[in-house]
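Each reported figure results from applying straightforward, stated rules to the coordinates on display, with no laboratory input. All of these numbers come straight from a predicted model, not from anything done at the bench. Positions of Cβ are generated from backbone atoms using ideal geometry, with glycine treated the same way; all protein chains shown enter the neighbour counts.
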Amino acid sequence: MSSRLFSLVALFLFLAPAAYAASVQKSFTDWQVTCNNQNFCQARNTGEHQGLVMTLSRSAGARADAQLRIDYGNLNSLNKVSAKAPPIAPRLLLDDMSLTPAGDKWRIGPNRLITEDPTTINAFLAQVQEASAITLKGGPGTLSLAGLKASLIFIDAQQKRVGSETAWIKKGDDPPLSVPPAPALKEVAITNPTPTPLSQEELNDLLDFGAWRMNNSQCSLDPARREVRVSALSDDKALMIISCEAGAYNTVDLAWLVSRKKPFSSRPVRLRLPFTPANGNPDLELMNAAYNEKSKELATLAKGRGLGDCGVATRWRYDGQRFRLVRYAEEPSCDGWSGPDSWPLLWVTK
């Protein structure tokens with residue numbers, strides 16, 4: 001084999017693992033790991049933590065940009081910490097023994113500790129990974145470490161770091177550049193960012209058409225609560241959304257792409273994920289759907305319970321033919337930790 005051909009083959013073998021990254025979300029005892037289509041991985045403890053949570057995140061590639069943080073309270077103020085509560089750093093206990101976090105590059109606040117220094121992160125993980133729990137002296141908060149090591153092993157394998165200097169658990173002599181980079185970030189372009197606004201006549205005609213569609217759809221929602229929403233997608237198409245079913249905290253919607261002029265032609269909007277989520281179904285219901293005319297994105301939000309601390313949040317962009325996914329976030333753990341804006345991401349685009 002010529003040296004040039006050998007170089008091409010070697011380059012292909014190096015780049016091939018980075019060509020596609022599978023979005024994945026898994027639980028390991030009391031820890032949850034999420035890796036998105038950029039092979040960015042995030043892990044945190046879940047369950048009965050009473051607001052004491054460690055979050056560990058790391059990007060793909062040789063640089064291994066990472067962050068480790070311990071927070072007390074809540075990311076979205078679902079459960080506020082009293083201003084009179086003492087700082088957590090001096091009160092940390094590791095299996096009921098005083099814990100001084102290893103490493104010297106921490107940013108410490110009253111209710112959190114954060115570091116992005118790789119050496120400090122490695123030292124702290126080595127310090128705690130074989131223990132059972134981190135707790136707070138004189139107060140509630142239980143940060144279970146059961147499943148932490150398994151989570152670290154999984155992230156190392158997902159990012160193909162096993163045997164490299166950058167691995168957290170199974171380190172080796174392979175250099176950082178042996179770790180595949182993140183795949184190229186996909187883009188979903190907006191085909192018509194400034195469609196002609198709907199005229200009053202168009203809007204009235206479309207609302208009438210929507211009322212007819214609503215009355216001829218198999219929907220159980222009380223007619224008094226049904227509504228029709230219409231937005232301009234392009235100069236010749238509009239998005240029509242109607243409320244159809246309702247539960248305690250979710251509303252299921254139906255949507256159509258509709259021509260803007262009579263006689264109206266329409267086809268249902270179907271949202272299909274470019275990956276298979278944990279429930280095994282890539283077809284997504286329009287739950288609590290809303291179209292943002294400023295960002296030109298269709299958003300859905302399926303809440304796992306009324307508190308809104310778990311569920312699925314997505315955003316979609318119309319490409320001239322169909323809506324394509326631009327963002328997918330899912331939080332399966334209903335433990336009061338975060339709201340939709342902070343749920344872990346499984347899919348991102350430009």
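A few points about this structure:
- Matching strands (runs of 3 or more DSSP E) fully within region 245-350 where at least 3 residues are not small (Gly, Ala, Ser): 251-259, 297-303, 311-318, 323-331, 345-348
- Considering (1) part of a helix (DSSP H, G or I); (2) surrounded by 15 or more Cβ atoms within 10 Å (Cβ to Cβ), the lone condition that residue 198 does not fulfil carries the number (1).
Yes/no matrix, rows are residues, columns are (1) in contact (Cβ under 8 Å) with a residue 60 or more places away in the chain; (2) surrounded by fewer than 18 Cβ atoms within 10 Å (Cβ to Cβ); (3) in a loop (DSSP other than H, G, I, E, B); (4) not hydrophobic (A, V, I, L, M, F, W, C):
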| site | (1), (2), (3), (4) |
| --- | --- |
| 86 | no, yes, yes, yes |
| 90 | no, yes, no, yes |
| 101 | no, no, yes, yes |
| 124 | no, no, no, no |
| 130 | no, yes, yes, yes |
| 134 | yes, no, no, no |
| 152 | yes, no, no, no |
| 156 | no, no, no, yes |
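- Among residues of region 94-134, those that are of a type in the set (Gly, Ala, Ser) and within 25 Å of the chain's Cα centre (by Cα), counted: 0
- Residue 265, sole failed condition from (1) more than 25 Å from residue 348 (Cα to Cα); (2) surrounded by 18 or more Cβ atoms within 10 Å (Cβ to Cβ); (3) not aliphatic (A, V, I, L, M): (2)
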